[in-house]
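Read through the structure below, which is laid out as structure tokens, and then see the notes.
Values quoted throughout were computed directly from the atomic coordinates according to the rules given, and no laboratory measurement underlies them. A quick note: this is a predicted structure, and the numbers were derived from the prediction, not measured. As a convention, Cβ positions derive from the backbone with ideal geometry for all residues, glycine included, and neighbour counts pool all protein chains shown.
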Amino acid sequence: MYVEAKKTFKKEKSKILEAIRVPGNLENYHPFCIENKIEKWPGKGSIDYVKYLNKLKYRREFIKWDESGYVLDIGVKSKVARVKWLVEGNSKASSLKITIEPELPYKNKIIKWLLWHLYIKHRLQSYIDNVVRGFSEYIHTNTRVTKNKYGKHPWYS
């Protein structure tokens with residue numbers, strides 16, 4: 001179970017990688033992020049914290065960091081999801097794809113399936129679509145995206 005959002009750009013791959021690797025980068029384009037503090041940066045083993053508009057705070061631990069982007073685990077006390085930020089492209093065009101694989105805490109497979117397909121998947125897709133939309137706006141304008149720019153989110157606003 002996962003959701004993903006992808007956007008292509010007429011910008012070189014290195015510019016996209018640079019934008020997602022700046023310390024505190026989420027403050028530039030994440031419409032539900034109020035703060036993105038760094039504990040350790042950059043590279044594999046990096047740790048930062050994202051604080052959402054509703055004051056929820058998650059720890060992000062980067063478990064992979066290479067020329068295609070990075071992979072991180074996010075959670076409060078334990079992992080709630082694995083998130084992949086993957087960049088493809090060349091010197092003329094590139095793309096950013098963000099994939100979220102949540103760790104659903106339900107043991108009953110029927111309940112897990114129902115919750116995923118009837119509720120969680122749609123909320124998570126809306127969330128990641130807005131993050132990628134904010135990134136796209138930021139990368140084209142170099143202007144920080146305002147909070148809740150594309151509407152409020154029930155989990156993070």
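Helix content alone sets the calculated 222 nm mean residue ellipticity of the chain: runs of n ≥ 4 DSSP H residues at -39500 (n - 2.57) each, divided across all residues, give -7500 deg cm²/dmol. Counted residue by residue at 0.36 nm each, then reduced by the alpha carbon distance between them, the extension gain from residue 108 to residue 147 reaches 10.4 nm. Cβ crowding within 10 Å, taken as a proxy for footprinting-reagent exposure, orders 119, 127 from fewest neighbours to most as 119, 127.
Each residue of the stretch 81-97 was assigned a 3J(HN,Hα) from its phi angle through the Karplus expression (A = 6.51, B = -1.76, C = 1.60, θ = phi - 60°), giving 6, 9, 10, 10, 10, 10, 10, 10, x, 8, 7, 10, 8, 7, 9, 10, 10 Hz with x at Gly and Pro. Cross-link pairs exceeding 21 Å in C-alpha to C-alpha distance, out of 40/79; 6/112; 44/107; 37/121; 6/64, comprise 6/112; 44/107; 37/121.
Both the radius of gyration and Dmax for the chain are 15.4, 48 Å, in that order, over alpha-carbon atoms.
Among the listed pairs 92/152; 109/149; 97/149, which have their C-alpha atoms separated by more than 30 angstrom in this model? Result: 92/152; 109/149 exceed 30 Å.
Take every pair of alpha-carbon atoms less than 8 Å apart whose residues are at least six positions apart; their mean separation over the length of the stretch 3-141 yields a relative contact order of 29 percent.
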